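Everything below concerns the one structure shown next.
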Amino acid sequence: NNTLVIEAFENGVDIQITDADSTEMASATIALNGFAGDTLLLDPSVAAGTGITVTQVSDTLIELQGLASIDAYQQVINAASIGIDLQNPEFGERQIEVGVTDPDGLTGTGTTTIDVQNNLLTGPGDGSGNDTIIGTAPGDGQSGDDVISGRGGDDTIFGMGGNDFVDGGDGLDTIDVSQPGMNTVIGGPQPDRIVLGPGADVVRITGLSDGADTISFFNASEGDKLDLVELFRDSDITAGNIADYVQTGAISGGISVQVDLDGRGGDARFVDIAYLQNTTGVVAGGDPSSFVIIPGAEPPVS
């Protein structure tokens, strides 16, 4: 029999599928029981090369078809996310159900609950919980220039409009600053999901222990930047030798950004720090100087 374990769901899925009889799955469904304006989102490009076909049946139902490995199904399902009406967000619980079917027709399902709350702009309590933070009062994440901290836990943060500073803190966070503005985002330790939007945004990466963040809609042509100043604070990196320290590569569905902190090693020394999806103005193997900030090239403080 299949065993489907939902480990977490914070504006995205994190599942583990185990099946004693098969190493492959034949199909899956992701269903949302939420509020008006809620939408399940899944970019079909994440399934490229897996043999899985993604079908958006409705705003609240996604179907996956095709014989593929359990790892491939987990990869595609875990890329799903929830879209919430940011202009009129509904607070309360959402039910998410994921179902899988193996080649023998055996099925497994798992259901979890998301509680979307109108919290303060810092996570409630000691900050160690899995918080959903949506500022709705004027100046609190709506259209003002806000400072938002998720602190600990696997948080979901919506910056809304304005020029916001968002620090996800520790945990596997989802940070959405897709509304217009010039935002600064720090994902923090562990890999995070960051969604950018119109305006020149800056994603600040402070250490290799932060893990490789997945950044959607990074638009270098519009002025989006990766701030690597803290990473290279004690290095000899310059605009002239930046290619020895920073490089880009092609991955399924996007571009990987990699760094070598000492600038002298071969490819084996490069470490992934970000995965750019739906990106504009960044090409694999291109000049990274157009979209990264290094020591000595920091923008002036206004």
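Readers should treat all values here as calculations from the given coordinates under stated rules, not as data from a laboratory. In this text, all values refer to a predicted model and were calculated from it rather than measured experimentally. Backbone-built Cβ (ideal geometry, glycine too); neighbour counts: all protein chains shown.
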For SER289 and ALA200, extending 7 Å from Cα along the Cα-Cβ vector and measuring point to point gives, in nm, a value of 1.8 nm
Simple spin-label estimate for GLN75/VAL57, 7 Å along Cα→Cβ, in nm, reads 2.5 nm
Distance in nm between LEU106 and ALA48 label points, each 7 Å along Cα→Cβ, equals 3.5 nm
